[in-house]
1. With every protein chain in place, what's the accessible area of Cys359 (1.4 Å probe, Å², nearest 10)?
2. To the nearest whole percent, what portion of all C-alpha pairs in the stretch 129-186 is separated by more than 12 angstrom?
3. Of the options Leu175, Val96, Gly159, report the single residue whose Cα projects farthest towards the positive end of the charge dipole of the stretch 94-210 (beta-carbon charges: Lys, Arg +1; Asp, Glu -1).
4. Largest first, please: the extent of the C-alpha atoms of the stretch 102-143 along each principal axis, to the nearest Å.
5. For Arg316, what accessible surface area do you get with a 1.4 Å probe? Give it in Å², rounded to 10.
6. So what's the gap between the Cα centers of the stretch 347-400 and the stretch 151-208, to the nearest angstrom?
7. Please work out the average accessible area per residue across the stretch 293-428, using the 1.4 Å probe convention, and give it in Å².
8. Is the C-alpha gyration tensor of the stretch 1-149 telling us rounded, prolate or oblate? Criteria: a/c under 1.5 is rounded; beyond that, a/b larger than b/c is prolate, otherwise oblate.
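The values are calculated or read from the model by the stated rules, or taken from the named source; none is laboratory data. Computed from a predicted model, the values in this text were never measured in an experiment. Positions of Cβ are backbone-derived with ideal geometry, glycine not excepted, and every protein chain shown enters the neighbour counts. Areas reflect the complete protein model, heavy atoms only, side chains present, ligands, DNA and RNA absent. Shrake-Rupley method; radii C 1.70, N 1.55, O 1.52, S 1.80 Å.
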Amino acid sequence: MPDRTKSHALFASALQRIPGGVNSPVRAFRGVGGEPFFVDHAAGARIRDVDGNEYIDYVGTWGPAILGHAPQVVVDAVREAARHGLSYGIPNPLEVEMAELICAWVPSVEKVRMVNSGTEATMSCVRLARGFTGRDKIVKFEGCYHGHVDSLLVRAGSGALTHGRPDSAGVPGALAELTITLPFNDTEALEKIFAAHGPEIAAIIVEPVPANAGLIPPLPGYLQKLRDVCTSHGALLIFDEVMTGFRVAKGGVQELTGVMPDLTAMGKVIGGGLPVGAFGGRAEIMDHLSPDGPVYQAGTLSGNPLAMAAGLAQLRELERTDAWAQLEKLGAQFEQTARAASAAAGKNYAFHRLGSMFCLFFTEEPVRNLDEAKKSDTAAFARFFHHCLDRGVYLAPSQFETGFISTAHTAADIARSAEVAEEALRRS
Ligand code: HOZ
């Protein structure tokens, strides 16, 4: 096992002053046991800890690092923007550029507002949907995670699921009661709930490809079904494309499937590694926002010039290099080697991939929803995770997360990772 003395000491200090020693629970390694490492440096596909251990990184800061860590073009853009000032609290030209780019790329978005995180984006979508429709109930899906929004921390995925708290304490029962949860990919359950509560439902919010209970593709026609149900009952369809947006295609899942939501929440890749989110949709709905409309939403740092510069630089680089084609190629190689490694280790585990996003479920049964994802052998996953980490391959520290490939990963990185994974699978 690599020496992680300095990380251990830092974690001991962190535990004294930061709850759980981390600023976001998924970093705490509770789903796999042990302690997180502390980062000294990250560049390209590699991350180095404070003890000098180096890892091929498939977490990519949970999605944003699509060009790898600290791409020169983004670092240069941030440096240049900083020469002009750090925050203005009054409009700057980069906000207009970003809004125009988003509206050009994301098919359903006619107007957009910038925020500082994916959580703010989904929270604002929910409030806007309620304000626009005059209805209170929201439908979400078991295992979908939309950030730590009160109304959405009900049967939630990601860290809430990993740590066994899908329903957070501190969310008033009266609010949670307005959130209806359904199993993903279950058309019958969907129809039943709309038959019973249709006129009260403001919106369905969904990750069009759920990526916070592992990665779970929608069954053919399911997203269109969500669209149709919303349309016929006067509810809005909200796509949470915080993880998939700008990653699986220039215009996200909506571009790939042709299914158009009314509102879209965005984040991660859009910020180039700085704290950025956005939400947008049909102009008629977005115009309900203050100062034009009655739905209030605001932010001191929203549209921050450094964040806009970083995001624009990253998005333009993706377009310039047609990165999505490269990511698909790398993803296909990753899938082929991962499946081969799994078979060689005598495990016929479910492997899901969408472009550069992937998940290996430690179950040989099909995974179409949260209950099926939970059949995974999480103890075997934990052994697998640590074996990989100790040999220099860093995967998300939970079975219920998704891995990310960046354009900085090479064929050699992927081949090496597959070797490590095969050995880890044999032992797990
Ligand atoms: N949304 C991220 C992946 N599930 C996790 C980010 C976090 O909670 O820190």
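1. 0 Å²
2. Counting every Cα pair in the stretch 129-186, those more than 12 Å apart make up 64 percent.
3. The residue sitting farthest along the positive end of the dipole is Leu175.
4. Projected onto its principal axes, the Cα set of the stretch 102-143 covers 31, 25, 19 Å.
5. 110 Å²
6. Result: 24 Å between the Cα centres.
7. Computed with neighbouring chains in place, this is 40 Å² per residue.
8. oblate
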